[in-house]
Amino acid sequence: MPKVVLEYPNGRRHEIEFDNGRPLEVGDSFELYGRRWRVMSVASTRKPGSRRYLDTDAIVCRPMTNSPFAGAKPSSEQTET
């Protein structure tokens, strides 16, 4: 299974093994975790001394849509009208 790195808008990265039945290519998109993701590139090699954990065969994806929970506040922060 190919390694896929999901890059969130806040800079966080999450590596998963993802298989949708066919190889992912740059420009492809898919639904996962309540968002629509687009394949952006194949990750670069890990640099010595870097904290990055990416392999050369990892696929980097970024969200095309926000999470349905984006902008939601905890119920304790909501104000009554």
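Quick look at the numbers
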| read-out | value |
| --- | --- |
| Residues with amide H under 5 Å from that of Ala58, placed H, sequence gap 5 or more | Ala43 |
| For Asp28, residues with placed amide H under 5 Å, excluding near neighbours | Val39 |
| Rough spin-label spacing in nm, given labels placed 7 Å along Cα→Cβ, for Glu17 and Glu31 | 2.5 |
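Values quoted throughout were computed directly from the atomic coordinates according to the rules given, and no laboratory measurement underlies them. Nothing here was measured: the structure is a model prediction, and the numbers come from that model. Counting neighbours? That spans all protein chains shown, and the Cβs are built from the backbone with ideal geometry, glycine included.
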